[in-house]
Structures are given as C-alpha cells and as structure tokens.
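The values are calculated or read from the model by the stated rules, or taken from the named source; none is laboratory data. Predicted model only: the values in this text are computed from it and were never measured. These area figures cover heavy atoms from the full protein model, side chains too; ligands, DNA and RNA do not enter into them. Shrake-Rupley method; radii C 1.70, N 1.55, O 1.52, S 1.80 Å.
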Amino acid sequence: MSASLLLWAVLLHWASGGGLARGGRMWQHCTDLRPLDILSEVVPAGGLARGLRVFQVQGVRGLQLATAWPRALGFPASRLFVHCDRFPEEFSIIVTLRVLDVPAKRNEYIFTLMAEESPSVLVGLRYAPSKLHFLFWSQERSSGWQTRVTFRNVSLADSRWHTLVLAVSGQSFSLTVDCSSPKDVVVETPFPASLSVKRARFYLGNRRRRKGLFTGLLRQLVLLPGADATPRICPAVNFEAATLSIPAVLQDVLVKSASNEVLKYPYETDMKVTLGSRPPCTKHEKAQFWFNAPRRGLYLCDGSTWISMLEAKQRLDYVEEHQSLVTNSETMGIEVFTIPKVGLFVATANRYTPPGSAVYKWTDGKFVPYQNIPTYQAQSWKYFTIGKKIFLAVANFEQNDRGQEFSVIYKWSHRKEKFITHQRITTHSARDWEAFVIEGEAFLAVVNHREGNNHNIDSVIYRWNPRTGLFETNQTIPTSGAYDWEFFTIGPYSFLAVANTFNGTSTKIYSHIYIWLRGSFQLFQSILTFGAADWEVFHIGDRVFLAVANSHSYDSGMPVPSNFYAINSSIYELNVTAQMFVKFQDLLTYSALDWEFFSMGDDSFLVVANSFDGFTFSVNSIIYRWQGYEGFVAVHHLPTVGCRDWEAFNTTEGSYLIYSSAKEPLSKVLKLKTT
C-alpha cells in the first residue's frame, strides 16, 4: 500500500470513531463533552417521580430519596451515552449534597452504575463517616475486580450543603470539597480506558437494594467527560451550593397566575424557629425563622438580614423597678453580655477592694451573684471575643497591694465556667477599655486618665498577636484626663472617638475623633467639649449620630459659673457632604456621665446618666424619645442616685435597663413596660 493510501486509511479510521481513545478525543464524538445531568434523568420533566421529595434547607433545594423500591430510582445508561456504550476514561463528577449523620461502619451510596445481569458496581460513589469512596470495575483480567479509591478526613455530616468535584484521569484521582485545597490520590490500578456500559443502568442514591440508601439531600449530580470541572465550579460566590446543572424542580421558578404567584414545583422545608435573643442571620440560616417573644415578632432570615414577617408594634408606656441589685460597693460601671450556651451576665466595676468587683448571672428573671473578681477601684468592664475565645477586661484606677498599677484581661474558662486571669497590662488610672476589629485584626484600647497629677498623657491601643495569644502595644494617642473611647464604623471606614475631660486647668477642651488610615489612627475631627465623660454613636435609619455627655464646666482662669454641673450635652450628626459631624441638638444635663441608645418597636430612645446637679446626687435621669423633626424629647424622668452608667438589654421576658450608682452599693434593674 502506498504512503498516501495508508494515510487516507488512518484518517478514515479516526473519523469513524476508531482509535485515539486516550485523552478523551473519542468522547468528543460520543458526548460533545457536555455536562451529563444524572439527577435530571431521574426526575420527570413535568414533576417528581414516585419516591422523590423536594426539601428546602438554608435557602437551597434538594431531593430526598424516600422510596421503598430502589430500582425505581434508576435509568438506562444509554440515555446519557447516546453515540457509544463506553464510559469516558477521563472525567469529573460534580455532587452537591447535604449529608445527615451517618452511623459508624455504615456506607451510603450517592450513585452507582451497574450491569443489569450482575451485582457488581461498574462505577459508584459512596460516603462513610469522614470518608468518601470511589468505586470502579476493571475488566482487564478475565474475571475482573473492583477497585476502591478512598479519600480520608472528608467531613460532610455537619447539616450544611457541600459541593464535591471528583476528577479522574488514569491512576490519578483528585477530590475538591467546597473549592478548598484538593485531596490527591494515586493508585496502582488506573481507571479503565474502555469500560463498557452496554445494558447498564444508573441508580440514584443506592446500589439496587435498600441497604446503603442515601438518607441526605441531593441537589446536583453531573458527569462531565474529558475535563476537570473544578475551574468551572470554584469561581462561584456560594461555592458550597455551586451548580453546573440541576433539575428544574430545584430551581426557583415562578409561574404567574391571574391573582397570585405560585410555585411551579411545590417543595417542603425543614422549617426551624429559633427562640430567645437575636441569632445570627447568614447563608447557613437562610429561610429559618426567629421568634422574638418580647416583641411578639416573627422574622425570616434572607441570608443576611432578619426580615419582619409578623410583628406587634410595641411602644414604651412606662418604666417600673424590677430588681434592686445589692453590689459589693459603689459601682462605677456595668457591662451586660451573653456567653453562648451559658447565659446572660452583668459585670459591675466596684470601687473598693476587698471585696472587689462581681459578675452576676441572670437566673429566673433576676441577676444573682456568680463570681467575685479582685479589682482596684475598678472603673469599667469590657466584654469581647476573638474567634472562640471569650474575654473580660477591667480598667483599674488605683494600684494593687504591692504598689503595682495594672489593668487585667480575664479569659473565660469553659472547663471551670469562670473568668481566669489571662494578661496584666500596665495602665495609669485607667477609665475605660474599648475592643474592636479592623481588617480582621483584633484591637484593645485603654483610656489612661492621669499619671500622678499629670492629666496630659498617652492612652494606648494594643493589637492582638495570634502567635503569642497576647495584646501588644500598637499605637499611642495623646489624651487629656480622658474618660472614654468609642469605636464605630461608617461604610468601609473605622473611627475611634476619645472623650477628653480635663487638661490640668480646664474642662473646656477638645475631644477628638480619629480615622483609621494606612494602618494607624489619624486625626479626623476635633469637637469642643466640657468635661466629656462619654461618647455614644447610634444610627436612626440612614442617619449617623454621635452624642457626648458633658460632666461639668471648669476653667481656672475664668470666673466661677453659677453652676458647674448644669450644662448642655450635645448630639452631633454626620454631614456626608461636609465629611464631618455637625451639632444637631443640645440637651440640658446635670453632670452627665453616660448616654445609652436603645430601640423598642419603631421608636428610638436615649437615656442619660445625670449624676449631680450641684446640690444633691439624687437627681432624675431622663429618657428621651426620637421624634423626627423635633429631635429627642424628654418622655420619662427616672429617680437615680449618683447615676454613673446605663445598659439596655433584652431577655425572653422583656426589655430592661440597668443603671449603676457611684454613691451607694445598689444598682437597679428597670423593666420597660409596653403597650
């Protein structure tokens, strides 16, 4: 045969489908390398097959296999392999599933491909606790044998959706779970180059019998010949439920009717209703409900925000005393916080040692003593978390028994269920701690009030070192007799406001707002204040406000005023155009030491801690209600004694305020009664 005739013979043989099987070229003729949707073949075009149910979980729909006849969940392989009867040599399998807890030593099949006349599995995928097995039949020997490729440490039984991509090429097998780093396995026996699927059937979630039936939810099961599907799946935003092809019944398809919109394909959902305090709302809680008992409201999570479905519009009617909390001594500050799965607590910063300060736990509708902690004229507490670690920092104003001046960070011990000492930090008459996170890094800022008689000293910002598990100095900021830090964010920007109180001669000084730029805080705006003791940032709709509590007006070089303590405290609003806070409203206060913002129903409130009117510490603190154009208007006058701090909190029983007294060893819990 001449060379030209031989060339034509080779070309004709290639064009007719012979040869060049390796590398997947033949499969371009067999399937056009398109995704083969195994799941859709089991679901009829017009609805659901018998034994299939559609469930929606976390906002994602999947199929549950509930048939007593596993054979009903099968179909001939010829429906996928139209042009040839061989399984591709190189391919990817894409699976999106939600696995339930699988008992030890039990296997559940995701799918199998089996010959009609044989019990052997030609190709299959099954899941066991923490393992995924890929099975295939090799026919290179006369008797044939089954090979199992095992991927270990594959944990899927966490009640969440996961997308798996299994890529197969010869002796190489690669598994990618939720677009994480792939797990690669190389075995001695390669996947067969020519695996016949003649007279074979696919079975969904089983191997043609009840034992090993898949009990979870399946959303996607796709065979992609000749390619690694990982690059096509992993650019997805929600990679845990990324899709290449899914049945129509699992898509959010609406059909409009004359009077309403109805789902073309009905589905069920494992509706979960959470009670208690506000839970997180993320993609994992999507389509779940939260019932807020105090507000008598039902809310639906849309993946990021709780949307009100039913809510009784509550309005504050009056305030009543709920509990008189006897404290170790006069209380300078309070901190209310919740430890997950443990309970609601309040920490009181008490003046004298012994006995120090205390932590109380909410039990049967009241705060009861839980833990005493040694402190030295404590001024305030700050609760914060870093990952799963829980901390409580105290600002100590005086030296300890050894003449050392430390403020202390305590860490929650899950084993002891108490706070234990974690880190001591040198401070100077510390007044306040503020904890915050910027760009994924944790910070802790302390307010140093004075060192000896010098009020013009540095306050310090510490950065968490995850390697040592300690806070380290990151930045110092000059302050003047400072009382308070307030951290807040507006859009992508982070701010830190300091309340400067006294510079050694005057309380009429500037307090400053700093903005985080290029890795440190830089001055953003200065505001004239009068013995500023507290900043409180809050939002009403799209508007951003910043309230300052002015405590007293004193200047050694000026005439003595008629009353140092009757002085306006001010509310500032962010002017986006001017890029600064401008004064919005003045409110007459009496040595104000704290503001607390809270909401009830559609109403917003501010409560001020009035501590001294120049004559007596028995002075009313006031609740102001937001009334739009009128600003904040006084609605309730609350008798207090030396009021130092307010905190608002909610329980399943209702909404409350608690205030601390710097003049008597008694704090009071007030219940907000609504209509």
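Kindly give the semi-axes, whole Å and largest first, of the ellipsoid equivalent to region 316-674, taking each as the square root of 5 times a Cα gyration tensor eigenvalue.
Working through the eigenvalues yields semi-axes of 27, 26, 22 Å.
Could you report the accessible area of Arg207 in Å², rounded to 10, computed with a 1.4 Å probe on the protein chains as they sit in the structure?
It works out to around 50 Å².
Which three lengths, in whole Å and largest first, does the chain cover when its Cα atoms are put on their principal axes?
120, 57, 52
I need the Debye-formula profile for region 583-675: one equal scatterer per C-alpha, no solvent, reported as log10 I(q)/I(0) at q = 0.10 1/Å, two decimals.
Scattering profile of region 583-675, log10 relative to I(0): -0.26.
Is there a pair in Lys105/Lys211; Lys283/Lys411; Lys366/Lys673 whose C-alpha atoms are over 22 Å apart, and which pairs would that be?
From the list (Lys105/Lys211; Lys283/Lys411; Lys366/Lys673), the Cα-Cα distance tops 22 Å for Lys283/Lys411.
In square nanometres and to one decimal, what's the mean projected area of the convex hull around the Cα atoms of region 36-250?
11.4 nm²
Would you grab the residues whose amide H sits under 5 Å from the one on Arg53? Only those 5+ places off in sequence or on another chain, please, with H modelled 1.01 Å from N.
Under 5 Å from the amide H of Arg53 lie the amide H atoms of Gln64, Ala66, each far enough along the sequence or on another chain.
With just the Cα atoms defining each centre, how far is region 532-607 from region 91-105? Give it in Å.
57 Å
Considering amide H positions built from the backbone, and no H for Pro or chain starts, which residues 5 or more places from Asn568, or on another chain, come under 5 Å of its amide H?
The list, which skips near neighbours in sequence, is Thr589.
What accessible area per residue, rounded to a whole number of Å², is obtained for the chain using a probe radius of 1.4 Å?
47 Å²
With every protein chain left in place, what is the accessible area of Met600 in Å² (1.4 Å probe, nearest 10)?
Looks like 10 Å² after rounding.
Can you list the aspartates and glutamates whose alpha carbon sits under 15 Å from that of Lys341, skipping same-chain ones fewer than 8 residues off?
Answer for Lys341, where 15 Å is the Cα cut-off: Glu417, listed by chain and number.
In degrees between 0 and 90, to the nearest 10, how far off the longest principal axis of the chain does helix 3-15 point, with axes built from Cα atoms?
Tilt of helix 3-15: around 60 degrees.
Ignoring ligands, DNA and RNA, what percent of the 1.4 Å accessible area of the chain is carbon and sulfur?
Accessible surface attributable to carbon and sulfur in the chain totals 51 percent.
What value, in deg cm²/dmol to 500, does the helix sum -39500 (n - 2.57) over DSSP H runs of n ≥ 4 give at 222 nm once divided by the residues of the chain?
-1000 deg cm²/dmol
So what's the gap between the Cα centers of region 391-423 and region 618-675, to the nearest angstrom?
Spelled out, the Cα-based centre of one part sits 29 Å from the other.
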